[in-house]
1. By a straight-distance test (C-alpha under 16 Å), which lysines pair with K279 as possible cross-link partners, with residues fewer than eight away in the same chain excluded?
2. So which GluC sites (Glu not before Pro) in the range 200-281 pass both tests, a DSSP loop state and at most 13 other Cβ atoms within 10 Å of the Cβ?
3. Once you have the Cα-Cα distance between K2 and D35, take 0.36 nm times their residue separation minus that, and quote the gain in nm to one decimal.
4. Where a ≥ b ≥ c are the square roots of the eigenvalues of the C-alpha gyration tensor, would you call the range 72-195 rounded, which needs a/c under 1.5, or, failing that, prolate if a/b is larger than b/c, or oblate?
5. With springs connecting C-alpha atoms under 10 Å apart, model the chain as a Gaussian network and identify which of G143, G157, G244 has the largest mean-square fluctuation.
6. Could you order peptides 180-188, 207-215, 148-156, 9-17 by the average number of other Cβ atoms within 10 Å of their residues, highest first?
7. Give me the percent relative contact order of the range 1-119, please, defined on Cα pairs under 8 angstrom at least 6 residues apart.
8. What lysines does K144 reach when the alpha-carbon gap must be under 19 Å and sequence neighbours fewer than 8 apart in one chain are set aside?
Amino acid sequence: MKQIIDAIEKSAIEIKELIETGDTSKSENENSTGDTQLKLDIASDIIIERIFKEIPEIKQIVSEEQEEIIDVNENGKYLIAYDPLDGSSLVDVNLSVGSIFGIYENDFSGANIVASVYVVYGPRVELVISYENKVDMYRLQKGKFNFIHEIKLNEKGKLNAPGSTQNCWAPYHKELIDDIFKDGYRLRYSGGMVPDLHQILLKGGGLFSYPGTTDRPKGKLRQLFEVFPFAHVYENAGGQAIDGTQRVLEIPTEHIHDTSPCFFGSNNEINRVKEVYSKHA
Ligand code: AHG
Ligand code: MN
Ligand code: MN
């Protein structure tokens, strides 16, 4: 695992430099989910693939930006699924973005995720590792990632981050979100799941939701690259990650680019979601 963490740190430093100097325009390509790729998405993907291909511990990799799984080392132990530059369309307005890595054993499935790492590129670059019942945060300082502190969620928070298009929400979802605001929660949603989920983790708790909607019944966020890695982080930090009624990590994955509705948060808020969604499942 150490080799993998070192490789992620190395790629994060290169991606930080790419973000600072790179071209924010669109490419002419679409990825498997049908998003137009930015030149930054493609360049970040190339950086990570190049660095991961040098690591003997890695058996296979798969990227949000690529169609297929890539074989790296037959005798490697770990499989890594990654979103090289999450929220990339926010770089041109200078909001925070991130990279997300899910580390799996045996196959790419929620049940087999063993660790996850994400990097936030904001005013500071921070890296969070969820592994062996701990979530630890590091910060890039003078070219090195230094340990800052462990991350733990409170039982109940104050922030609400409701994703997707509101006019496509189910009426019960709208009611749930409205009720949460009526209880005094504050809106915190940038459109980048990495900084939005990082904020909830560091401010002690709250709810981030990306539900199934009339235009996207299975949500937008991808299981292997986005949902499962953050589920590992949230569960390990003492919170929960569900699709409305069940743990997202128990959802079977049919295709590597499958998406899933998802709710991440501290226990109190997730229990509220379960109460509402269990009546409508
Ligand atoms: P990506 O840039 O990798 O395509 O992902 C963006 C994602 C995620 O970061 C964010 O939470 C979500 O898209 C925002 O979607 P909406 O604007 O539909 O809420
Ligand atoms: Mn993404
Ligand atoms: Mn992406």
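1. K174
2. Sites meeting the loop and neighbour criteria: E254.
3. 8.6 nm
4. Prolate, because a/c is 1.5 or more and a/b exceeds b/c.
5. Per the Cα network of the chain with a 10 Å cutoff, G143 tops the list.
6. The packing order, highest mean first, is 207-215, 9-17, 148-156, 180-188.
7. Answer for the range 1-119 is 19 percent.
8. K2, K10, K16
Here, each number is a calculation from the coordinates, and none is a lab measurement. Here the structure is a predicted model, which means the values were calculated and not measured. Heads up, the Cβs are rebuilt from the backbone with ideal geometry, glycines too, and the neighbour counts pull from every protein chain shown.
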